[in-house]
1. Which condition number in (1) within 12 Å of another protein chain (Cβ to nearest Cβ); (2) crowded, with 19+ Cβ neighbours inside 10 Å; (3) touching a Cys at 6+ places or on another chain (Cβ under 8 Å) is the one that A:Pro10 fails?
2. Going through B:Glu110, B:Glu61, B:Glu72 one at a time, which residue ends up being farther than 30 Å from B:Lys169 by Cβ, among the acidic types (Asp, Glu) and out of contact with any Lys or Arg (no Cβ under 6 Å at 6 or more places or on another chain)?
3. Out of (1) at the interface with chain A (Cβ under 10 Å from one of its Cβ atoms); (2) open to solvent by 30 Å² or more (accessible area, probe 1.4 Å); (3) touching a residue at least 60 places away in the same chain (Cβ under 8 Å), what's the single condition that is false for B:Thr24?
4. Within the range A:49-58, does at least one residue satisfy the condition of being small (Gly, Ala, Ser), away from every other protein chain (no Cβ under 14 Å) and in a helix (DSSP H, G or I)?
5. Would you check if there is a residue in the range B:189-204 being closer than 22 Å to B:Lys35 by Cβ and surrounded by 11 or more Cβ atoms within 10 Å (Cβ to Cβ)?
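The values are calculated or read from the model by the stated rules, or taken from the named source; none is laboratory data. This is a predicted model, so every value here is computed, not measured. We place every Cβ from the backbone using ideal geometry, glycine too, and count neighbours over all the protein chains shown. Note: areas computed on protein heavy atoms with side chains; ligands, DNA, RNA excluded. Shrake-Rupley method; radii C 1.70, N 1.55, O 1.52, S 1.80 Å.
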Amino acid sequence: MACVNPDGKPTESGAKMLRSLKSGGKLPENVAEDTGLPLFRVRSGLRELAGNGFVLQKGDKYEISPKGIELLGKV
Amino acid sequence: MEVVKYEIRLPRIGDPAPSFEADTTQGKIKLEDFKGSWLILFSHPADFTPVCTTEFIAFSEINDALKKRGVELLGLSIDSVQSHIAWIRNVEEKMKVKIPFPIIADLNKEVAMKYGMIHEGQSKTATVRCVFIIDPNQIVRAIIYYPLTTGRNMAEILRLIDALQTSDKHGVATPANWKPGEKVIVPPPNTTEMAEERLKQGYECKDWYFCMKKL
């Protein structure tokens, strides 16, 4: 996974995206703006994080899930 | 038993870019992830080869200029993610150049086949040097093929991006060897009335069909 290391801790880019979502549901464009990551990386990363339950997709926006908050706590 | 042959239609200029989802050095990426940006999808024959190494350094050197134009880079070869990682780490260590863009590990050749990147007269196992320029609506806007022996020209790739973006923005065409700042070509008229009217519009016209203007 690009957002979570094998040791169960988020990667730098994964943590950036999760941190950005802590302030509320956001569009990938907003997350890209917050993190400085390219939009394609954010779209791909959020899809992966959503697939693993770390974020929740609600319409076009993404929110951090309780599992995502737990993951962020491992940094 | 009848053998059914499936014809793969290779993308041409003006076609929607074939969609894909692929493993890359920056995670699993879909073509759709680049929607809204220009994309240069390019293939190279193999990791750890000298011409490809010079090209990767050259692509990295124009990456900032491309970003300013809203263009992302995406490389591809029929190598594994681990091979790509080892190679770009080697380039960083030996050549002091960081490769900032993702590279598709197309081990099953799925993306390469969709985009016609394998030319069997050159190699059955390696992709030739293709460049697909894909616009923000994911339409193929330009295609360049180079043989295995010849490294690509980054100035031409930048010039091509500038020309496409200028054409889109101003509804014009660009002449041979055009560079940003130079005169552009006003599209030919479609009616005799338009042909007559354009001669009064202050363009620099060689004749009714061949008018240029400054932007």
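1. Unmet condition: (1).
2. Among B:Glu110, B:Glu61, B:Glu72, only B:Glu110 is farther than 30 Å from B:Lys169 by Cβ, among the acidic types (Asp, Glu) and out of contact with any Lys or Arg (no Cβ under 6 Å at 6 or more places or on another chain).
3. (2)
4. Residues of the range A:49-58 that are small (Gly, Ala, Ser), as a first pass: A:50-51, A:53.
From what is left, the residues that are away from every other protein chain (no Cβ under 14 Å) are A:53.
Adding the requirement that they be in a helix (DSSP H, G or I) leaves none.
No.
5. No: zero hits.
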